[in-house]
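Working notes, structure below.
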Amino acid sequence: MPQWKQSLTKSLHQTRSTPESRYFQLATVDKDGFPFCRTVVYRGLTDNNQLVVVSDTRTEKYQQLMQNQHAEACWYFAKTREQYRFRCTGSIVTVLDDQPLVSAHWNKLSDAGKKQFLWGNPGSERTSDSALQVVGDFQNVPSHFCVLLLQINKVDYLNLRGNPQCREWFYQNSEGTWVSQSVIP
Ligand SMILES: Cc1cc2nc3c(=O)[nH]c(=O)nc-3n(C[C@H](O)[C@H](O)[C@H](O)COP(=O)(O)O)c2cc1C
C-alpha cells in the first residue's frame with residue numbers, strides 16, 4: 001500500500017468521531033477554464049486508489065468532468081492538522097454503466113439523503129417558498145444519481161504538526177511504483 005494511503009487510513013481512523021472529517025473540497029474546471037470548487041462527502045477509497053463520491057448528473061461538476069477529467073480534491077483534517085491534495089482524473093458512473101455499483105451506493109443513503117436527489121433540477125429557479133416536492137421514490141435509483149470515481153495520480157501531503165512542518169509529494173514513477181519526495185513546506 002502506498003505510504004500516502006497508509007497515512008490517509010490513519011487520518012480517517014484518528015478523526016472517526018468527527019463527521020466533518022468526511023468532507024473534502026472537489027475542484028473542477030469549466031470549458032472556459034474557470035475553476036469551480038465545492039464540498040462533497042467521502043464515500044470510500046477503492047483498491048486501485050479512486051476516491052468515491054456520490055452526486056447528480058444535473059450538477060455543474062458532471063458537465064465539467066465530462067468536458068475535462070482533470071480535478072483536484074483538497075482535504076484538511078483539523079484534528080490531526082493534516083492536508084491532502086489529490087490530483088485526480090474523474091469519471092462518472094450511472095446506473096446504465098454499472099447498475100450494481102450505483103444501486104449499492106443509492107441503498108446506503110438515508111431517506112433524507114435520497115430525498116435530496118428527488119427535488120428537481122439542482123440550480124434551477126425555486127419558484128415557491130413552500131416545501132419542495134419529492135418526485136420519484138426511494139426504491140428506484142434515479143437515472144441522474146451517479147458515482148464519481150476520482151483516480152488519484154499525485155498527492156501533496158502537508159502535516160502542520162511539528163517544527164519544522166512536514167510536506168511530502170507522492171507520484172508514480174515510469175514503472176507505476178509510488179515514490180515520494182520530501183519538500184520544503
Ligand atoms: C457538507 C456538504 C457535503 C456535500 N456533499 C455533497 C456530495 O457528496 N455530493 C454532491 O454532489 N454534492 C454535495 N454537496 C453539495 C455541493 O457542495 C454543491 O453545492 C452541489 O453538488 C452543486 O455543485 P456543482 O453544481 O458545482 O456541481 C455537499 C455540500 C456540503 C455543504
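Overview of values
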{"item": "Number of the condition not met by residue 89 [criteria: (1) in contact (Cβ under 8 Å) with a residue 24 or more places away in the chain; (2) within 13 Å of the ligand (Cβ to nearest atom)]", "result": "(2)"}
{"item": "Residues within the range 24-68 that are more than 10 Å from the ligand (Cβ to nearest atom), part of a strand (DSSP E or B) and loosely packed, with under 15 Cβ neighbours inside 10 Å, tallied", "result": "2"}
{"item": "Residue identified as within 14 Å of the ligand (Cβ to nearest atom) and either on the phi > 0 side of the Ramachandran plot or among the aliphatic types (A, V, I, L, M) (or both) among 101, 148", "result": "148"}
{"item": "Strands (runs of 3 or more DSSP E) wholly inside the range 99-185 containing at least 2 residues that are over 22 Å from residue 89 (Cα atoms) and in contact (Cβ under 8 Å) with a residue 12 or more places away in the chain", "result": "166-172, 178-183"}
{"item": "Test: residue 21 is within 15 Å of the ligand (Cβ to nearest atom), farther than 25 Å from residue 95 by Cα and either at pLDDT 95 or above or among the small types (Gly, Ala, Ser) (or both)", "result": "yes"}
{"item": "Residue count for the range 144-166, restricted to those that are surrounded by fewer than 17 Cβ atoms within 10 Å (Cβ to Cβ) and either more than 20 Å from the chain's Cα centre (by Cα) or hydrophobic (A, V, I, L, M, F, W, C) (or both)", "result": "8"}
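The values are calculated or read from the model by the stated rules, or taken from the named source; none is laboratory data. Worth saying up front: this structure is predicted, and the values here are computed from it rather than measured. Glycine also receives a Cβ, built like all others from the backbone with ideal geometry; neighbour counts cover every protein chain displayed.
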